[in-house]
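Chemist: Right, I'll just put the structure down here and ask away after.
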Amino acid sequence: MKIKKVVCSAGRSGFYFDDQMAIKHGAINNGFDYIGETELEGFTAVRQAGESISVNFVLEDGQIATGDCAAVQYSGAGGRDPLFLAEIFLPLIEEKLVPFYQGREITTFREMAAELENLLIDGKRLHTAIRYGFSQAILDAVAKSNKQMICETVAQEYNTEISEKLIPIFTQSGDDRYINVDKMIIKKVPILPHALINNVTTKLGVKGELLKEYLQWLVKRINELRDDSDYEPIIQIDVYGTLGELFGIENHQAIVNYLAELAAICEPYKLHVEGPIDGISREECINNLAKITELVDQRKLNVVLVADEWCNTLEDIKLFAKAQAGHMIQIKTPDLGGLNNTIEAVLYCKKHGIGAYIGGTCNETDISARICMQVAMAVCPDQVLAKPGMGVDEAYMIVFNEMQRILAIRAKK
């Protein structure tokens, strides 16, 4: 089977690009927007509309394989590739990649994805968003040429077993961390609420008091709204390194003491804390997070630490896993480039006893989210992210329904 034609189009993503540095340094909320000076290259506003590029392979038999190029909300920060704008990257795709793939024979995903990952244009690797989108289209094309679901193609090529149950879904509240929690509880979301704790003064509290108050409210709200005694969600909050900002990145014991207070507030629910500490480099972040993880384990706290910042590539993930920097690693799918790297990252984490979380970003699309769920069902991570968007309902529907379809279809085969 050959790729007869490649058709690309500019699109929107499910959320926005945010200048993380400007927000951390005090950009002010103005309704849904922010007021402040931009700090990261390429940004013309602290918050600007998210963009994507759709990649469509028209196959010889008339089927169309699709993938969406997309980048994370906080592009350009924490060692990531720069802002992904369609007006900049679509011409490059049309000039270099469309002729490269038109007329190509479809082989295996692993072969074609490796070729994409190593492809150089003017001596440079392709932007992670481009590798992400084209790898989706390649995977879809291989599956369609073999008359398989995507999960079946992945399982066949990587010798894995497809999950026979739903993988726990983690939903994001965005800044609307109260009303969106109600939605999550009503729908019995397994892991909630993210909460977007990305500023010390306005969200964490200058003594950590605001987050404590929020978690107290959250536990009370779960107990008030849940109508099923078997519903015991995991509480996962993303603090974007603000604990390190508040207590000092070398004051590991103070951070762990605070984590112990948070865990006690969340009882009887298990607590996951994503990105407790950051650093000015990958190495600094790994060292700090590894030390905090060690201290948490020594005290046997009911806290799972999730690595996030500076953990972007497959190489990064391997280094975090080897150093035991965190109990779980978020595999931010667009940041890894090709989906082959996401697959390898999950398998590596599982082999080395580290939790694997197929995340990504609210700034993806329905297409990339569905393909990620197909991959997830084939490699069985510990949890997956509901995406795209921050509205809860739409993202949860997309990923939940995709996994349910896989289970239902396979049950009838």
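FYI, it's all coordinate maths here, none of it is from the lab. Fair warning: this is a prediction, and the values are worked out from it, not measured in the lab. Glycine also receives a Cβ, built like all others from the backbone with ideal geometry; neighbour counts cover every protein chain displayed.
Chemist: Comparing I292, I331, I64, which has the greatest mean-square fluctuation in the GNM of the chain with Cα pairs linked when under 10 Å apart?
Modeler: With Cα springs under 10 Å in the chain, the top fluctuation among I292, I331, I64 is at I64.
Chemist: Here's a follow-up. Amide H neighbours of Y34 under 5 Å, counting only residues 5+ apart in sequence or on other chains, H built in-plane at 1.01 Å?
Modeler: Excluding prolines and chain starts, which carry no amide H, the hits are R47.
Chemist: While we're looking at this one, here's another question. When the chain is treated as a GNM, springs tying every alpha-carbon pair under 10 Å, which of C349, C372, C69 comes out with the largest mean-square fluctuation?
Modeler: Comparing C349, C372, C69 in the GNM, the peak value goes to C349.
Chemist: Most exposed first by the Cβ proxy, i.e. fewest other Cβ within 10 Å, how do W217, W310 rank?
Modeler: W217, W310
Chemist: Could you put K332, K300 in order, starting from the residue whose Cβ has the fewest other Cβ atoms within 10 Å?
Modeler: The fewest-first ordering by Cβ neighbours comes to K300, K332.
Chemist: Please report the orientation-averaged projected area of the stretch 88-154, defined via the convex hull of its C-alpha atoms, in nm².
Modeler: Mean orientational projected area (the stretch 88-154, Cα hull): 4.6 nm².
Chemist: Quick one: which residues, 5 or more positions from G50 or on another chain, have an amide H under 5 Å from its amide H? H modelled 1.01 Å from N in the peptide plane, none for Pro or chain starts.
Modeler: The list, which skips near neighbours in sequence, is S13, F15, Y16, F17.
Chemist: Evaluate the distance, in nm, between pseudo-label points positioned 7 Å from the Cα of T107 and of I409 along their respective Cα→Cβ axes.
Modeler: Rounded to a tenth, the inter-label distance reads 2.6 nm.
Chemist: Report, by chain and number, residues whose modeled amide H sits under 5 Å from the one on K5, excluding near sequence neighbours (fewer than 5 apart, same chain).
Modeler: V58, G103
Chemist: Mean residue ellipticity at 222 nm from the helices of the chain, using -39,500 (n - 2.57) per DSSP H segment of n ≥ 4 over the full residue count, to the nearest 500 deg cm²/dmol?
Modeler: -13000 deg cm²/dmol
Chemist: Each residue of the stretch 304-311 in turn: what ³J(HN,Hα) in whole Hz from Karplus with 6.51, -1.76, 1.60 and θ = phi - 60°, glycine and Pro shown as x?
Modeler: 9, 8, 10, 6, 9, 4, 6, 10
Chemist: Could you compute how fast the stretch 3-158 diffuses translationally, taking Rh as the Kirkwood radius over C-alpha pairs and applying Stokes-Einstein at 4 °C with viscosity 1.567 mPa s? Give it in µm² per second.
Modeler: Result for D is 77 µm²/s.
Chemist: In whole Hz, with x marking every Gly and Pro, tabulate ³J(HN,Hα) for the stretch 373-389 from phi via Karplus 6.51 cos²θ - 1.76 cosθ + 1.60, θ = phi - 60°.
Modeler: In residue order, the calculated couplings are 5, 4, 4, 4, 5, 7, 10, 6, x, 6, 7, 10, 9, 6, 8, x, x Hz.
Chemist: Could you give the length gained by full extension between V206 and I35, i.e. 0.36 nm per residue of separation minus their alpha carbon distance, to one decimal place?
Modeler: 59.4 nm
Chemist: Enumerate the residues in the stretch 380-413 having an amide nitrogen under 11 Å from the point lying 7 Å beyond the Cα of K187 toward its Cβ.
Modeler: 386-401
Chemist: Which one, I35, I23, I138, has the greatest fluctuation when you compute a Gaussian network model over the chain with C-alpha springs under 10 angstrom?
Modeler: In the Gaussian network model the winner is I35.
Chemist: Now for a different question. Counting only the backbone N, which residues of the stretch 67-107 are under 18 Å from the spot 7 Å out from the Cα of A10 toward its beta-carbon?
Modeler: 68-71, 83-98
Chemist: Within a 10 angstrom radius of the beta carbon, how do E402, E224, E274 rank from fewest other beta carbons to most?
Modeler: Ranked by crowding around the Cβ, least crowded first: E224, E402, E274.
Chemist: Just to check I understand the Karplus step: with θ = phi - 60° and J = 6.51 cos²θ - 1.76 cosθ + 1.60, what whole-Hz values come out for the stretch 25-38, glycine and proline as x?
Modeler: Rounded to whole hertz, the list is 9, x, 4, 9, 4, 10, x, 8, 8, 10, 10, x, 7, 6.
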